1. Computed over the Cα atoms of the chain, what is the ratio Rg over Rh, Rh following Kirkwood?
2. Computed FRET efficiency, Cβ-Cβ of residue 136 and residue 163, R0 45 Å: what is it to the nearest 0.05?
3. Treat each spin label as a single point 7 Å out from the Cα along the C-beta direction, and report the residue 193 to residue 206 distance in nm.
4. Extension gain residue 119-residue 148, at 0.36 nm per residue separation less the Cα-Cα distance, in nm?
5. Take the eigenvalues of the Cα gyration tensor for the stretch 96-213, scale each by 5, and report the square roots as semi-axes in whole Å, largest first.
6. Across all directions of projection, what mean area in square nanometres is found for the Cα convex hull of the stretch 158-221?
7. Taking 0.36 nm per intervening residue step and subtracting the Cα-Cα distance, what contour gain separates residue 213 from residue 57 on full extension?
8. Give me the three principal axis extents of the stretch 1-124 from the C-alpha atoms, as integers in angstrom, largest value leading.
């Protein structure tokens, strides 16, 4: 099986680009961020402080997370409930970042993620796929863009969904999340030594997708 690891900061377009690349190549796309968002949502619902390992770890024993594919789309199930839409709010994003810093949470999801790669040709995106989850991936890519560019894209995405968002607030949140993700003790965000760095700041979405597909094809052919 062939695995492609795509890492990068929040808002770099990893999910959109990885999903399109997977579709173009006939691979399965695995959105690991959605898994952390689902755990964050479970904690939110229980009123748990997502920044407290002591509060979060017990919740792990009370939840079952499943990933299913419907019409080519990844759906997240929390104890059998489809929460794919609910995990996409800004609040869910912040809680995902908080719980992802907890080693026990990362360990909880690690086998689920690796199992997908053992059984399928996958493109998996996240923060530590190339460095921790799938260190033997055939292709490793670190996808990034300037914070300002990522904030503009994120604000536009939310607007398309009918969600009002303040650009300056989104930018501030992205900068803070970059810091949190790169400074956490458990699997900090950083490129693997053999990752291909792709900066999409000046690229259109279509150009970004073409670039990623070309890198993957070059590595696996």
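Throughout, read-outs are computed from the coordinates displayed, never taken from laboratory work. Because the structure is a prediction, the values reported are computed rather than measured. Methodologically, a virtual Cβ is constructed for each residue, glycine included, from the backbone with ideal geometry; neighbour enumeration extends over all protein chains shown.
1. Numbers: Rg = 16.4 Å, Rh = 17.6 Å.
That ratio equals 0.94.
2. The calculated FRET efficiency here is 0.70.
3. 4.0 nm
4. Full-extension gain reported as 6.6 nm.
5. Working: eigenvalues 130, 74, 40 Å².
That gives 25, 19, 14 Å for the three semi-axes.
6. Working: hull surface 26.7 nm².
So the mean shadow area of the Cα hull is 6.7 nm².
7. Working: separation 156, 0.36 × 156 = 56.16 nm, distance 3.80 nm.
Between residue 213 and residue 57, full extension yields an extra 52.4 nm.
8. 41, 27, 25
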